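Below is one structure, written out as structure tokens; the observations come after it.
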Amino acid sequence: MKFPLKTVVTILVLLALTMSIQAQDDYTAKVQQLRTEKDAELKSKKHSPLQKKDRKAFDHLNYYPIEESWNKEVAFTLVQNGDTIDIMTSSGKVKQFYVYGKIALTHQGIQESLEAYRRIWPEGYVSHYPPSLFIPFKDHTSGDETYGGGRYLDIEIPAESGLISLDFNLCYNPYCAYGDGFSCPLPPEANDLDFEVRAGEKNYREH
């Protein structure tokens, strides 16, 4: 049986639309699952950074709605022999990092950049976390809808320069947002974005 060309085109458009909706649903479900897992971690007596009284009252973290448009394709440039820098922490101490790469991104016509860092651990210290790049940042929501000390992103380490995904739906608060007793890196001026990042984790104390 042969279908008119118009009918075939309509079927193909509907099929593509269905696949696109399914892909978006899958993406949203994955991000939501990560959020659910973090809520469980904060409720856990063993792993939670919350104080006992806060942990007992804790229900869930506050987040912006998941929008796939915040999963941005950005240009990553590997920095050869990047500078070693001291990043001040909330406790007044410093932690050492080196600049591993630079990220160029655009949001609503605004061109911005971020530096991505690798931690320099004290001699003899062995990290239990897989290697990653650390991106602390501030934006126009900082100190208002989101934590004033900035938020963080972690990404896999690119082997070379090129396009990568930077998903702001995954940005999270430092432990300092949940209580005292932590020493959290403060975002350097180089990572102060000139727009609102209305994605990821919001202020902890909203609920």
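Take the residues of the stretch 151-164 that are within 19 Å of D139 (Cα to Cα) and of a type outside the set (V, I, T): which is surrounded by the fewest Cβ atoms within 10 Å (Cβ to Cβ)? Within the stretch 151-164, the match that is surrounded by the fewest Cβ atoms within 10 Å (Cβ to Cβ) is D154. Of all the criteria given as (1) free of Cβ contacts under 8 Å to residues at least 40 places away in the same chain; (2) outside any loop (DSSP other than H, G, I, E, B), the one not satisfied by A190 is (1). Of K46, K38, K52, all but one fail to be modelled with pLDDT under 95, surrounded by 14 or more Cβ atoms within 10 Å (Cβ to Cβ), at negative phi and out of contact with any Ser or Thr (no Cβ under 6 Å at 6 or more places or on another chain); the exception is K38. Scanning the stretch 87-101 for residues that are without any contact (Cβ under 8 Å) to a residue 24 or more places away in the chain and surrounded by fewer than 13 Cβ atoms within 10 Å (Cβ to Cβ) yields a single hit, G92. One residue stands out among those in the stretch 119-144 that are hydroxyl-bearing (S, T, Y) and in contact (Cβ under 8 Å) with a residue 24 or more places away in the chain: the one that is surrounded by the most Cβ atoms within 10 Å (Cβ to Cβ), which is T141. Just one of the listed residues (A116, A104, A75) is crowded, with 20+ Cβ neighbours inside 10 Å, in a strand (DSSP E or B) and modelled with pLDDT of 95 or more, namely A116. Residues of the stretch 55-66 that are outside any loop (DSSP other than H, G, I, E, B) and exposed (fewer than 15 other Cβ atoms within 10 Å of the Cβ): K56, A57. Within the stretch 176-192, restricting attention to residues that are at pLDDT below 95 and touching a Cys at 6+ places or on another chain (Cβ under 6 Å), the residue that is surrounded by the most Cβ atoms within 10 Å (Cβ to Cβ) is C176. Candidates G179, G124: the one that is touching a helix residue (DSSP H, G or I) at 6+ places or on another chain (Cβ under 8 Å) and not in a strand (DSSP E or B) is G179. Of the listed requirements (1) over 16 Å from A75 (Cα atoms); (2) in a loop (DSSP other than H, G, I, E, B), P136 misses just one: (2).
The values are calculated or read from the model by the stated rules, or taken from the named source; none is laboratory data. Owing to the predicted nature of the structure, the values given are computational and were not obtained by experimental measurement. We place every Cβ from the backbone using ideal geometry, glycine too, and count neighbours over all the protein chains shown.
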